[in-house]
Amino acid sequence: MQPIRLGLVGYGKIAQDQHVPAINANPAFQLVSVATQGRPCAGVENFQSLSELLERGPHVDAIAFCTPPQGRFALVRQALAAGKHVLVEKPPCATLGEAMALVDQAEEQGVSGLFAWHSRYAPGIEAARDWLATRTLQSVQIDWKEDVRKWHPGQAWIWQPGGLGVFDPGINALSIATHLLALPLFVESAELRVPANCQSPIAASIKMSDARHLDVRAEFDFDHGHDELWSIEIRCTEGILRLDNGGARLSIDGVRQAVSEEGEYAAVYRHFQQLIADKASDLDLQPLRLVADSFFVGSRTEVEPFFD
Ligand SMILES: NC(=O)C1=CN([C@@H]2O[C@H](COP(=O)(O)OP(=O)(O)OC[C@H]3O[C@@H](n4cnc5c(N)ncnc54)[C@H](O)[C@@H]3O)[C@@H](O)[C@H]2O)C=CC1
Ligand SMILES: O=C1O[C@@H]([C@H](O)CO)[C@H](O)[C@H]1O
């Protein structure tokens, strides 16, 4: 079986940390070219732009996008128009409207698309989903706190319009919640704390609910200490389910549960491979909708300036 020939756009932190190692570990894929504006990727042909990669590079079947969300829409549209399958890092675009247009275009082009909500592939998520499917939910508490200086060092884009600020990691928690919970969530209120020199929040408190009045609270913090807190606690009539370490650890009533041994990005690329084989797509907009709604209804409080 011929491998899927892959191009990658945006050889930055996550591409180097996760995408290229996952691609190289999966024999169903062959990374053949990169388009990036920073350091080149060893072992493949490098280009300064997607246009150059498509016009002058070796043939690719699919393209993975690891650029910042601002400007990504035009790039993915260009790849779809060229008939390429696309894997798009989260958040899929800088706006909900752009993401909706990509969903339509992938269908029109008859290619496979994946919005890579990577946290949904964390080792404990599917076991958690199975347990919750037969339980009666009472409340959900999300705490998603990390140090932006550790995970996005020197990345000015994250503080600019479309960069989402603390919702860039926070959307991961929302992608897990929307995957675990049966009913659509909606935002009731939000408080956004925005540094005086930034366009996006460094912290946020969000109150959500669903059609059965489930109480869902989220606390996001981008200026947290070095030890991340990535946890979701779901109280049910039958017991308490808790995901920690971004979904890598699962406990029920304090007892650790067996989880998958597959890493997030290995699972992301295995899913992409299956979508291409099945001529299918997985382009979920729900996490981005909740972020958009948080910005719609969020009250803003100015806080001290942020300096990297
Ligand atoms: N930093 C992290 O820990 C994680 C980041 N992500 C997501 O991945 C995306 C990228 O994040 P990072 O890798 O941290 O950012 P980054 O700033 O380290 O990398 C972005 C890369 O895109 C390149 N680039 C920008 N515009 C381009 C264009 N028009 N054509 C070609 N290359 C272009 C830049 O040169 C840079 O190498 C974001 O959407 C982020 O939410 C996902 C998981 C973790
Ligand atoms: O998607 C993201 O994940 C975190 C961090 O890499 C933990 O996985 C990062 O802040 C965000 O972009």
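The values are calculated or read from the model by the stated rules, or taken from the named source; none is laboratory data. Quick caveat, the model's predicted, so the values are computed rather than measured. Side chains are part of the model used for accessible areas, which takes the heavy atoms of the whole protein and leaves out ligands, DNA and RNA. Shrake-Rupley method; radii C 1.70, N 1.55, O 1.52, S 1.80 Å.
Summary table below
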| item | result |
| --- | --- |
| Contact order relative to length of the chain, as percent, for alpha carbon pairs under 8 angstrom and 6 or more apart | 20 percent |
| Angstrom value of the Kirkwood radius, inverse mean 1/r, which spans all Cα pairs in the stretch 138-179 | 11.5 Å |
| Residue with peak Gaussian network fluctuation, the chain [Cα springs, cutoff 10 Å], from A35, A133, A22 | A133 |
| Nearby aspartates and glutamates by direct alpha-carbon distance to K279 (threshold 12 angstrom, same-chain neighbours under 8 apart not counted) | E107 |
| GNM result for the chain, Cα springs below 10 Å: residue of W159, W144, W117 fluctuating most strongly | W159 |
| Principal axes of the stretch 9-95: Cα extent on each, largest first, Å | 32, 27, 25 |
| Long pairs among K13/K145; K13/K84; K13/K90; K150/K207, criterion Cα-Cα beyond 21 Å | K13/K84; K150/K207 |
| Counting all C-alpha pairs of the chain, share separated by more than 33 Å (%) | 24 percent |
| Top of K90, K145, K279 by mean-square fluctuation, Gaussian network on the chain, Cα under 10 Å | K279 |
| Protein accessible area in the chain, 1.4 Å probe - carbon and sulfur % | 50 percent |
| More than 19 Å apart - percent of Cα-Cα pairs taken over the stretch 1-152 | 58 percent |
| The chain - mean residue ellipticity at 222 nm from DSSP helices (-39,500 (n - 2.57) per run, n ≥ 4, rounded to 500) | -8500 deg cm²/dmol |
